[in-house]
Amino acid sequence: MSILSIWNKNATLTLIRRSENYLKRSLSSATSHSYQYDLIVIGGGSGGLACAKEAVANGAKVAVLDFVKPTPIGTKWGVGGTCVNVGCIPKKLMHQASILGESIHEAATYGWEIPEQQNVKANWSKLTEAVQNHVKSVNWVTKVDLRDKKVEYINGLGYFKDPHTVVAVMKNKSEKELTAQNIVIAVGGRPRYPDAPGAIEHGITSDDIFSLEKEPGKTLVVGAGYIGLECAGFLKGLGYDATVMVRSIVLRGFDQQMANIVADSMVEKGINFIHKAIVTSVEKQKDGRLLISWKNTETNETGSEIYDTVLFAVGRKGLVEDLKLENAGVTSIADDKIVVNEQEQTNVPHIFAVGDIIKGKPELTPVAIHAGRLLARRMFSGSSQIMDYADVATTVFSPLEYACVGMSEERAIEKYGADNVEVYHGFYKPTEFFIPQKSVRYCYLKAVAERSGDQKVLGLHYIGPVAGEVMQGFGAAIKSGLTMKILLNTVGIHPTTAEEFTRLAITKRSGLDPTPATCCS
Ligand code: FAD
Ligand code: NA7
C-alpha cells in the first residue's frame, strides 16, 4: 500500500470520526437546549487556543474570546496570550541575544578576527524591533490559523451573564452575547506590582520590557523567581547594569542547592544582588531617573539608589476579576485562581479551566497546551485521558541555564526520608568552555534517586549550557520509569554535556570530591 493511500485512508477515517462526533453532539444539544456554540473559550493564549483548535478538529463549533488590557504604561499586544507576546518567546530571543554577545568575545579566542571588539555593543531599539517583528508575525499566523481551522475569534473581554452565556465587551464597549453548551476559562495571569508608592506609576514588568522604547539602562529587578532572574540575566548580557532584589530566597519551589548555584553564577557574571529587601518607594527625579528606596526585611535597615528602570517580577495574579464568575455560579476560587478537579472541571460541571489560571499547577506553556488539548478530546471525542501534571521538565533561562525534572533534593528527603534517598552529583567541564577559558565553577548536575533496588530516579537537575535541550529527553526517560541502573548503563554521546548524567559516579553520602579531573575520565 502506498504512503498516499495510507494517508488518504487515515484522513478519511478522521473525517468520518469528526462528522460522527459532530452529529452526536448536534443531536444531544438539539434535544437538550439550543446554544450558538458547542464551546466558548475565554482567553486566546496557549491553553485556550490549543483547546479550541482541538475541539474544532473533533467537530465542535467553537468561539474564542481574547482581550488584552494595556499595562499601566500603555503596552498592549495581539492574540496568542502571554507566551507568544510577553513571555517565553520574546524572553528566549532576548536570552539568545545576550548569549550571542558573549559568543562574539569567545569567537576571538577560537581565531575569529573581530574588528574593534571593545566597541561591540547591543542596539536596544534594533533588538526590540526584531523581537517585535517576530511576535507580530506569530500574531498574524495565529489569526490565519484560527480562520483556516474555523475557530471563531472574537477580540472582546469576556464575562459570564449566566452559566451558559458569555458577554464579549468589544473595544468600542459594545457588547455581544454568546451562548454555549460548554465553557473553558483560560484567561491566564498578569504581573503583580508591590504595594509601594510610585511602583505602578514608574515601574515596568515583563509585560513591558520586550517592547520598551528606551533602553532600560541601569535596572533594578525586584523579585527572585524565574522571571526576575531571567530578565536580570539577559539585561546584564546585553550590557546593562542589573541588580536583583531578593525578598527571601532565590527561586522558591526549585531545588535550593541548584537555586543558590544559579545565583552565584549570576554574581560571577557581574549581576548584583540585594538580599532580604523589599521596595518601599519609587520616586521620579527631575532628570527622569528613579530613586528607589528599600528596607531590609529582617533588620529594617533602609537603603536607596538611583536606577534608570525598575522591573517588578514579584509574581503573577490570575485574571478572575473581570469574569463575573458569580453569575455562572462558579465558586471554586482560591486567591485569584480557579480550583478544578482532575477533569479540569469547576464546581459547575460544564465550566472548565486550564492553564495558568488554575490553582496549584505548573505555570508553563506546554502544560497549558497539553491540558487544553486533552480537555477538548474528553469533551468532544469520548476520550477519558486526563492531564498528568507530575514530572514536568522546565528550564530557567539564566545566563548559565538551569533545567530540572521531577523532585528537588529537599522534596525527596521530605517525602522518603534522608536515609532512603541517594544523591549522585558532579561538577563538569563543557568542552566548548576550554578555549575561551570560561569559568566552569558552576557547571554542576545531580540525580536524586531512591536508595534501594535499581534506584528509581526521582529528579534530575542540571546547570550549564543549553539546559532545556539537555533535559527534554531525560523528562521522557523519567516518565518511563528511569532508574540509576539504566542511566549509568546508558552510553553517552561524546563530547556533550548531557552525557555527564551517564557518568555520575559520586554520591553526596560518600563525601568524595565531585570535581572532575579531566573531560574524558
Ligand atoms: P495566557 O497565555 O496568559 O493567555 C490568556 C489570554 O486570555 C491572554 O491573552 C489574556 O489577555 C486573555 N484574557 C484574560 N482575561 C480575559 C477575558 N476576560 N476575556 C478575554 N480574554 C481574556 N512558560 C514556559 O513554558 N516556558 C518559558 O520559557 C516561559 N517563560 C515565560 C516568561 C515570562 C516573562 C512569562 C510572563 C511567562 C513565561 N512562561 C513560560 C509561562 C507561560 O507564558 C504561561 O504558562 C502560558 O502563557 C499560560 O497560558 P494560558 O493559556 O494559561 O494563559
Ligand atoms: P514567582 O515565581 O512567584 O516569584 C516571585 C518572586 O517575587 C519571588 O522571589 C518572591 O519572593 C518575590 N516577591 C513577591 N512579592 C514581593 C514583594 N512584594 N516584594 C519583593 N519581592 C516579592 O513569580 P515569577 O513572576 O517569577 O513567575 C511566575 C510564573 O510565571 C512562573 O511560575 C513562570 O512559570 C511564569 P518570595 O520567595 O515570595 O519571598
Listing ILE40, ILE278, ILE306, ILE478 by rising number of other beta-carbon atoms within 10 angstrom, fewest first, gives ILE306, ILE278, ILE478, ILE40
Please turn the phi angles of segment 219-226 into ³J(HN,Hα) values with the Karplus equation 6.51 cos²θ - 1.76 cosθ + 1.60 (θ = phi - 60°), one per residue in order, whole Hz, x for glycine and proline.
10, 9, 9, 9, x, 10, x, 6
Quote the charge dipole size of the chain about the Cα centre in Debye, to the nearest 20; the model charges only the Cβ of Lys and Arg (+1) and of Asp and Glu (-1).
1340
For segment 145-152, take each phi angle, set θ = phi - 60°, evaluate the Karplus expression 6.51 cos²θ - 1.76 cosθ + 1.60, and give the result in whole Hz per residue in order, putting x for glycine and proline.
4, 5, 5, 4, 8, 6, 8, 7
Of all trypsin sites (Lys or Arg not before Pro) in segment 279-360, the ones in DSSP coil with at most 16 other Cβ atoms within 10 Å are LYS286, ARG289, LYS324, LYS359
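Hey, got the dipole for segment 124-197? About the Cα centre, +1 on K and R Cβ, -1 on D and E Cβ, debye to the nearest 20? All intermediate terms of the calculation are to be shown ahead of the outcome.
On the way: 12 positive and 8 negative charges, 43 e Å.
So the dipole magnitude of segment 124-197 works out to roughly 200 debye.
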Non-local residues with an amide H under 5 Å from the amide H of PHE273, with H modelled 1.01 Å from N and Pro and chain starts lacking one, are VAL244
Mind checking which of TYR424, PHE434, HIS370 is farthest towards the positive end of segment 361-445's charge dipole, using Cβ charges of +1 (Lys, Arg) and -1 (Asp, Glu) about the Cα centre?
HIS370
Could you work out how much longer the chain between ASP264 and GLU499 gets when fully extended? Use 0.36 nm per residue separation minus the Cα distance between them, nm to one decimal.
82.2 nm
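About its Cα centre, how strong a charge dipole does segment 374-521 have in debye, to the nearest 20, once Lys and Arg get +1 and Asp and Glu get -1 at the Cβ? Write down the numbers at each step before the final one.
Values: 15 positive and 15 negative charges, 24 e Å.
Here segment 374-521 has a charge dipole of around 120 debye.
Could you please rank MET258, MET170, placing first whichever residue has the fewest other Cβ atoms within 10 Å of its Cβ? Don't skip to the answer; put the middle values down first.
Numbers: MET258 24, MET170 13.
Result, fewest neighbours first: MET170, MET258.
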Can you list the residues, at least 5 places off or on another chain, whose amide H is less than 5 Å from the amide H of GLU422, using H built in the peptide plane?
ALA449, GLU450, ARG451
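Please give the contour-minus-distance gain from GLU213 to ASN123: 0.36 nm per residue of separation, less the Cα-Cα distance, rounded to one decimal in nm.
Details: separation 90, 0.36 × 90 = 32.40 nm, distance 1.16 nm.
Stretched fully, the GLU213-ASN123 segment lengthens by 31.2 nm.
Filter the GluC sites (Glu not before Pro) in segment 140-235 down to the DSSP loop ones having no more than 16 other Cβ atoms within 10 Å, then list what survives. Present the calculation step by step, with values, prior to reporting the outcome.
Working: sites: GLU152, GLU175, GLU177, GLU201, GLU213, GLU230; in loops: GLU213.
Of the GluC sites (Glu not before Pro), the ones in loops of segment 140-235 whose Cβ has at most 16 other Cβ atoms within 10 Å are GLU213.
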Any chance you could run the full-extension gain for VAL144 through LYS69? It's 0.36 nm times the residue separation minus the Cα-Cα distance, nm to one decimal.
24.7 nm
If r is the Cβ-Cβ distance from GLU410 to HIS33 and R0 is 41 Å, what FRET efficiency results, to the nearest 0.05?
0.20
Given pairs LYS361/LYS415; LYS121/LYS317; LYS136/LYS324; LYS91/LYS324; LYS53/LYS76; LYS92/LYS415 and cut-off 26 Å on Cα-Cα distance, the over-length ones are LYS121/LYS317; LYS136/LYS324; LYS91/LYS324; LYS92/LYS415
Under a 5 Å amide H to amide H cut-off, with H placed in plane at 1.01 Å, what residues pair with THR280 once short-range neighbours are removed?
SER293, TRP294, LYS295
Cross-link partners among aspartates and glutamates for LYS176, C-alpha distance below 15 Å, same-chain residues fewer than 8 apart left out?
ASP66, GLU152, ASP162
Scalar couplings 3J(HN,Hα) for segment 305-317 by Karplus 6.51 cos²θ - 1.76 cosθ + 1.60 (θ = phi - 60°), nearest whole Hz, x for Gly and Pro, are 7, 8, 10, 7, 9, 10, 10, 8, 10, 9, x, 10, 10
Dipole check, segment 78-147, charges on Cβ (K,R +1; D,E -1), about Cα centroid: among THR142, HIS95, VAL120 the Cα furthest to the positive pole belongs to THR142
Going from the fewest other Cβ atoms within 10 Å to the most, one would list TRP124, TRP77 as TRP124, TRP77
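Add -39500 (n - 2.57) for each DSSP H run of 4 or more in the chain, then divide by its residues: what number comes out at 222 nm, to the nearest 500 deg cm²/dmol? Walk me through the numbers before you get to the answer.
On the way: 13 runs with 170 residues, N = 521.
It comes out at -10500 deg cm²/dmol, rounded to the nearest 500.
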Net charge of neighbours whose Cβ lies under 14 Å from the Cβ of ASN327, counting Lys and Arg as +1 and Asp and Glu as -1
-4
Report the trypsin sites (Lys or Arg not before Pro) located in segment 130-219 that are in a DSSP loop and have at most 13 other Cβ atoms inside 10 Å of their Cβ, or state none.
LYS150, LYS171, LYS173, LYS214
Nearest-ten-degree value, helix 3-32 long axis tilted from longest Cα axis of the chain:
60
Two-site label geometry, ASN296 and ASP454: point separation in nm, points 7 Å out along Cα→Cβ:
5.3
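Values in this text are rule-based calculations from the coordinates and carry no lab data. This structure is a prediction, so every number in the text was calculated from the model and none was measured. Don't worry about glycine lacking a Cβ; one is built from the backbone with ideal geometry, like all the others, and counts go over all protein chains shown.
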